[in-house]
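S.K.: Just passing along the structure, written as structure tokens.
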């Protein structure tokens, strides 16, 4: 019944083939209504506004952007937790934009999610064993009697003590809870795991433990990650490819190293320059691009290039009137900007010269 | 160096609970001088927040056993009666909390909330307090402050709320500002703005600042001195060059190595600190860090290391000899960074 073709040869990361996930012009608008009985639509939030993205098997694609740029909404649209307003989502070449019922359930077996807040994403009234075992019971992939041993294997895999099977979430620390979330996401051996800010609620020393765990699991099970975070150093560490989002659109996408060495979009440059570096001398040399103001409202996004009201390089009227398309720069690097940054122009800001 | 503004001597805060005595803070000493920024770094549960809540007298004196001295301009705040302490708190020492979403009252206009803080300490009319609030909002860089002051917190973004909190904290021109994880809930771009703002205001108001954080990256640019805390005790204390370029404690090394760095070319594996922070009821005997320490020796399991000065005011609490510390830091820690 399942819709996947599993015997396909895995392309090496970077090699083309059918992408595991392919988004074409995906949009998600949330209506704003007024009125109690008769609801009038008075506007809409352009949360995700036309995103094209391809994720290949075995790759990690990082998605970065400020609060409210639509990265979490995009993740939920991919997971089919929100219906897309427009556009198409393909999973292994199959259109899943409107999958429902049985197809959708089969699909969910292949796509799982790890959430940001390990305190809110675990039911406090259930034991860890039943939280991790829940996917088995829902999808009936393991018979009832074997669930416990499967769960204990998973717990061991993610570095939890299997003897803690009957404990409750409050008995665990933040890092351990995030391990429970990882075990639950792994239970059905999915192909894609969407990680929505998986480490931002954790202490730095514990973040490293979880990042290493995710790396090990990727190697062991050939997982594909869509890794959402606002911390660029973390995204750089884990991702093969990084997409930068601003107000519902991808403004730049590039292989990790070239994005950091050679950002093209002024927004990427500003984001990179704001990242603190744990080294006072290098930090002191760094030239910061301070962005003025806040992200504009996605209800009525600015015309032309959405970044123009805050952009230090904006030229008028071009940037205000014409929306820049994503154009190729270097190998695999695309940016949407009329006046992109020069090569290595940021050498002294993003990286030490 | 100038006369310290705040001097904490051997502060201990213990909470008796049903499960046992929680030694949240267990012998912390430090000093902050005017115009200086002290960074306090440690994991969740290392006692960094409790230390400063105690300085402010926000710990319930009935439920906690507090000992030691908290000298503010030579006056022991721990011995001060509650109403006198209230005069110090807010006007002389003020605090910014981690979560700007929950520390503003959702029912009151932002301007009135800031005005309330002013009116608690100064005899001014509501109108006068409100206009002072507007002026403060302007100084922390909020555009259209007049309009913004009559809005409710939900109309502010996260960064704006944190600015409003800073405006409130600085409205009485305090001598000491304590910022407890001021940027943890914020985006990197906003984080950079807020830290710069704190730096600028420190000079404008000639105040001393304490920044509490779990991320060594955040404090690299902004702190003069850094205290690393572990299990309620200071593990290492020094100026920032000591901490970043000559750290002496294995816990500090672990913190430095576990950060994913943007300016690193090689995609090496991160080196996390193994294990978890200890329970503060059953603190391991000897050095509290020994179960997680890669350089553990027999003496570490029995004897509590004292915070011993190495040079100047750089001090660390570790049984390794000074030569070993220098060697390990150079060969193993710096080499991997």
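S.K.: For the stretch A:242-258, indicate whether the set of residues that are more than 8 Å from chain B (Cβ to nearest Cβ), out of contact with any helix residue (DSSP H, G or I) (no Cβ under 6 Å at 6 or more places or on another chain), surrounded by 19 or more Cβ atoms within 10 Å (Cβ to Cβ) and under 30 Å from residue B:223 (Cβ atoms) is non-empty.
M.R.: Looking through the stretch A:242-258, none of the residues is more than 8 Å from chain B (Cβ to nearest Cβ), out of contact with any helix residue (DSSP H, G or I) (no Cβ under 6 Å at 6 or more places or on another chain), surrounded by 19 or more Cβ atoms within 10 Å (Cβ to Cβ) and under 30 Å from residue B:223 (Cβ atoms).
S.K.: Of (1) surrounded by 23 or more Cβ atoms within 10 Å (Cβ to Cβ); (2) more than 7 Å from chain A (Cβ to nearest Cβ), residue B:257 satisfies all except one. Which?
M.R.: Unmet condition: (1).
S.K.: So, one more: Need a quick list: strands (runs of 3 or more DSSP E) entirely within the stretch B:1-116 having at least 2 residues that are surrounded by fewer than 17 Cβ atoms within 10 Å (Cβ to Cβ).
M.R.: B:6-17, B:20-32, B:65-72
S.K.: Turning to a different aspect of this structure: Of the numbered conditions (1) more than 24 Å from the chain's Cα centre (by Cα); (2) without any contact (Cβ under 8 Å) to a residue 12 or more places away in the chain, residue A:276 fails exactly one; give the number of that condition.
M.R.: Going through the list (1) more than 24 Å from the chain's Cα centre (by Cα); (2) without any contact (Cβ under 8 Å) to a residue 12 or more places away in the chain, residue A:276 breaks only (1).
S.K.: Of these, B:166, B:178, which one is surrounded by 24 or more Cβ atoms within 10 Å (Cβ to Cβ), under 20 Å from the mean Cα position of the chain (by Cα) and over 30 Å from residue A:245 (Cα atoms)?
M.R.: Only one candidate qualifies: B:178.
S.K.: Residue A:106 versus (1) surrounded by 18 or more Cβ atoms within 10 Å (Cβ to Cβ); (2) outside any loop (DSSP other than H, G, I, E, B): which is the lone unmet condition?
M.R.: Failing condition for residue A:106: (1).
S.K.: Can you name every residue in the stretch B:308-323 that is within 14 Å of residue B:247 (Cβ to Cβ) and surrounded by 16 or more Cβ atoms within 10 Å (Cβ to Cβ)?
M.R.: Once the filter is applied, which keeps residues that are within 14 Å of residue B:247 (Cβ to Cβ) and surrounded by 16 or more Cβ atoms within 10 Å (Cβ to Cβ), the stretch B:308-323 yields B:310, B:314, B:315, B:316, B:317, B:318, B:320.
S.K.: Turning to a different aspect of this structure: Given the conditions (1) touching a residue at least 40 places away in the same chain (Cβ under 8 Å); (2) within 12 Å of another protein chain (Cβ to nearest Cβ), report the number of the one that residue A:204 does not fulfil.
M.R.: So the condition that residue A:204 fails would be (1).
S.K.: Looking at the stretch B:152-167, which of its residues are away from chain A (no Cβ under 14 Å) and touching a helix residue (DSSP H, G or I) at 6+ places or on another chain (Cβ under 8 Å)?
M.R.: Answer for the stretch B:152-167, where residues must be away from chain A (no Cβ under 14 Å) and touching a helix residue (DSSP H, G or I) at 6+ places or on another chain (Cβ under 8 Å): B:152, B:153, B:166, B:167.
S.K.: Could you check how many residues of the stretch B:289-307 are within 13 Å of chain A (Cβ to nearest Cβ) and either assigned to a helix (DSSP H, G or I) or surrounded by fewer than 19 Cβ atoms within 10 Å (Cβ to Cβ) (or both)?
M.R.: Residues in the stretch B:289-307 being within 13 Å of chain A (Cβ to nearest Cβ) and either assigned to a helix (DSSP H, G or I) or surrounded by fewer than 19 Cβ atoms within 10 Å (Cβ to Cβ) (or both): 1 in total.
S.K.: On to the next question. Specify which of the listed residues (B:232, B:286) is more than 9 Å from every other protein chain (Cβ to nearest Cβ) and within 22 Å of the chain's Cα centre (by Cα).
M.R.: B:232
S.K.: Same structure, new question: Among (1) within 22 Å of residue A:270 (Cβ to Cβ); (2) more than 11 Å from chain A (Cβ to nearest Cβ), where does residue B:170 come up short?
M.R.: Among (1) within 22 Å of residue A:270 (Cβ to Cβ); (2) more than 11 Å from chain A (Cβ to nearest Cβ), residue B:170 violates only (1).
S.K.: Follow-up. Which residue out of A:163, A:150 is touching a helix residue (DSSP H, G or I) at 6+ places or on another chain (Cβ under 7 Å), part of a helix (DSSP H, G or I) and surrounded by fewer than 18 Cβ atoms within 10 Å (Cβ to Cβ)?
M.R.: Every option except A:150 fails the conditions.
S.K.: Further, regarding this structure: Among A:179, A:109, A:189, A:184, which is the only one that is under 19 Å from residue A:222 (Cα atoms) and within 14 Å of chain B (Cβ to nearest Cβ)?
M.R.: Result of the check over A:179, A:109, A:189, A:184: A:179.
S.K.: Looking at (1) within 25 Å of residue B:187 (Cα to Cα); (2) at pLDDT below 90, find the lone condition where residue B:38 falls short.
M.R.: Unmet condition: (2).
S.K.: Looking at this structure, is residue A:116 part of a helix (DSSP H, G or I) and either out of contact with any strand residue (DSSP E or B) (no Cβ under 9 Å at 6 or more places or on another chain) or under 23 Å from residue A:240 (Cβ atoms) (or both)?
M.R.: Against the criterion (part of a helix (DSSP H, G or I) and either out of contact with any strand residue (DSSP E or B) (no Cβ under 9 Å at 6 or more places or on another chain) or under 23 Å from residue A:240 (Cβ atoms) (or both)), residue A:116 does not qualify.
S.K.: If we scan the stretch A:4-22, do we find a residue that is in contact with a helix residue (DSSP H, G or I) (Cβ under 7 Å, 6 or more places away or on another chain), on the phi < 0 side of the Ramachandran plot and at pLDDT below 90?
M.R.: Looking through the stretch A:4-22, at least one residue is in contact with a helix residue (DSSP H, G or I) (Cβ under 7 Å, 6 or more places away or on another chain), on the phi < 0 side of the Ramachandran plot and at pLDDT below 90.
The values are calculated or read from the model by the stated rules, or taken from the named source; none is laboratory data. None of the values given here were measured: they were computed from a predicted structure. All Cβ positions, even for glycine, are placed from backbone atoms using ideal geometry, and neighbour counts span all protein chains on display.
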